[in-house]
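Please read the structure below before turning to the comments.
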Amino acid sequence: GAQFGFGTAFLLAYIVSPKFCHRFVGYIEEEACTTYTKIIEALETAPEGSDLAKWSAEGAPNIGISYWHLGEDGTVLDLIKAVRADEAEHRDVNHSVVNMHDGDVNPRYNPTIRLDLALNKYVKDMMTRPKVETV
């Protein structure tokens, strides 16, 4: 019930003022970054042998390893750092959107630049791949 109520209220607020909503979400993401930073500091300074130190060195869950590309040896600490980075990205995107005007291209996700980078990578890969001999 509460989630539906908040979702409805947020939708209405977004219709009235998208910039307010993006700024609001940006501030929530900032708080998330602060919280994750405190957790990381606690994990990194946990006394050796403590439950907290042991937990931070445990392997991250497979879903986290897969989603955040942590590698097979990704730890809980690595996972929390990845989540913090993800939250920071959300924070930056939401604050950036507030400063945009109609017709502006989002500088963080300019589709032309992304396409150019993808095409450049494709051409480079094509030019540097080993030649395959045909029979």
Fill in the blank from the handout: Once both label points are put 7 Å beyond Cα along the C-beta direction, the residue 104-residue 2 separation in nm becomes 3.5 nm
Fill in the blank from the handout: Distance in nm between residue 14 and residue 86 label points, each 7 Å along Cα→Cβ, equals 1.9 nm
Problem - Spatially proximal aspartates and glutamates relative to residue 19 (Cα-Cα < 13 Å; intrachain offsets below 8 disregarded) - result: 102
Handout entry: Net +/- balance of residues flanking residue 59 in space, Cβ distance below 15 Å, scoring K and R +1, D and E -1
Key = -2
Practice task
Please order 56, 66, 96 by the number of other Cβ within 10 Å, starting at the fewest.
Solution key: 66, 96, 56
Practice task
Calculate the radius of gyration of the Cα atoms of the stretch 21-91 to one decimal place, then report Dmax, the largest Cα-Cα distance, as a whole number, both in Å.
Solution key: 13.4, 44
Handout entry: Within the chain, helix-based [θ] at 222 nm, where runs of 4 or more DSSP H residues each add -39,500 (n - 2.57), nearest 500
Key = -23500 deg cm²/dmol
Handout entry: Percent RCO, i.e. relative contact order, over the chain, from Cα pairs under 8 Å lying at least 6 residues apart
Key = 26 percent
Problem - Which labelled figure in (i) 3.69; (ii) 1.00; (iii) 1.50 is Cα Rg over 2.2 N^0.38 Å, once derived from the coordinates - result: (iii)
Exercise for the section: Order by neighbour count: 97, 16, fewest other Cβ atoms within 10 Å first, most last. Expected result: 16, 97
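Read the figures in this text as sums done on the coordinates, not as results from a lab. All values derive from a computational prediction rather than experimental measurement. Here Cβ is always computed from backbone atoms with ideal geometry, including for glycine, and neighbour counts include all displayed protein chains.
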